[in-house]
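First up is the structure itself, then whatever we jot down about it.
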Amino acid sequence: MATQIDLSGVSEDATNLRDMLDGIVERVENTFQSYNVELPKRRYWTMGQPAVDCDQLVVSFIQAYLGPPGAEVGEPQRCNVPRSATVVISIAREVPTVGVNGRPPSPERISEAASVSAIDSWVLLESINSLDMWDESGYGTGVIATLDVSPPEGGFQITNLQITMVIP
């Protein structure tokens, strides 16, 4: 059983990363809603790679470093420069698999599932517009983003947007 830790007295400054991860989930939800694309009901963020056992939207924290997105890791940085985080925003959706009779899924069913992944890919790429803008004054320092779709595994296919952005 996990140990419960009282976080009620934690300094507000210590919650920047947590708040950023909450904000990413919310901003991605808003982007998908603006395109009228239904997301899986299960939505959360976690530290490290998530388990994929159902349709879900997951924001996974990968790493953080001192400096803006794209800064050379080997170059010294002043302590007052921005901190950046790399996260992966994943959408796992069930895809057709070989049936109990050993027959492969029809090309139509495969294309239908691929169409959903293509739409997820585009809308995830569009979500970066809201992820580089943490206040109403305009865009932030910029982001680095790559998108890939994993091969189907265990009856699920995952669309992954890896993004490096400043921690607000």
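The values are calculated or read from the model by the stated rules, or taken from the named source; none is laboratory data. As the structure is a prediction and not an experimental result, all values here were calculated from the model. Cβ placement follows ideal geometry from the backbone for every residue including glycine, while neighbour counts extend to all protein chains displayed. Heads up: the accessible areas ignore ligands, DNA and RNA and are worked out on the full protein's heavy atoms, side chains in. Shrake-Rupley method; radii C 1.70, N 1.55, O 1.52, S 1.80 Å.
Kindly indicate whether any position in the stretch 57-71 is open to solvent by 70 Å² or more (accessible area, probe 1.4 Å), part of a loop (DSSP other than H, G, I, E, B), among the β-branched types (Val, Ile, Thr) and at pLDDT 85 or above. No, the stretch 57-71 has no match at all. One residue alone among Arg43, Arg93, Arg78, Arg18 is touching a residue at least 40 places away in the same chain (Cβ under 8 Å) and of a type outside the set (A, V, I, L, M, F, W, C), and that residue is Arg93.
Tell me yes or no: at least one residue of the stretch 4-21 is more than 13 Å from the chain's Cα centre (by Cα) and on the phi > 0 side of the Ramachandran plot. Within the stretch 4-21, not a single residue is more than 13 Å from the chain's Cα centre (by Cα) and on the phi > 0 side of the Ramachandran plot.
Every residue, every condition in (1) under 20 Å from Asn30 (Cα atoms); (2) under 12 Å from the mean Cα position of the chain (by Cα); (3) in contact (Cβ under 8 Å) with a residue 12 or more places away in the chain, yes or no:
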| site | (1), (2), (3) |
| --- | --- |
| Val73 | no, no, no |
| Ile89 | yes, yes, yes |
| Val98 | no, no, no |
| Asn101 | no, no, no |
| Phe156 | no, no, yes |
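In the stretch 105-119, the residues that are over 15 Å from Val37 (Cβ atoms) form Cβ pairs under 7 Å with partners that are among the polar types (S, T, N, Q), at six or more places apart or across chains, as follows: Pro105/Thr97. Taken as a whole, the condition of being open to solvent by 70 Å² or more (accessible area, probe 1.4 Å), part of a loop (DSSP other than H, G, I, E, B) and not polar (S, T, N, Q) applies to Asp53. With respect to the stated conditions, Thr46 is assigned to a strand (DSSP E or B) and within 20 Å of Leu124 (Cβ to Cβ). Applying the criterion of at least 3 residues that are open to solvent by 30 Å² or more (accessible area, probe 1.4 Å), touching a Lys or Arg at 6+ places or on another chain (Cβ under 6 Å) and within 18 Å of Val58 (Cα to Cα) to the strands (runs of 3 or more DSSP E) found wholly in the stretch 77-168 leaves an empty list.
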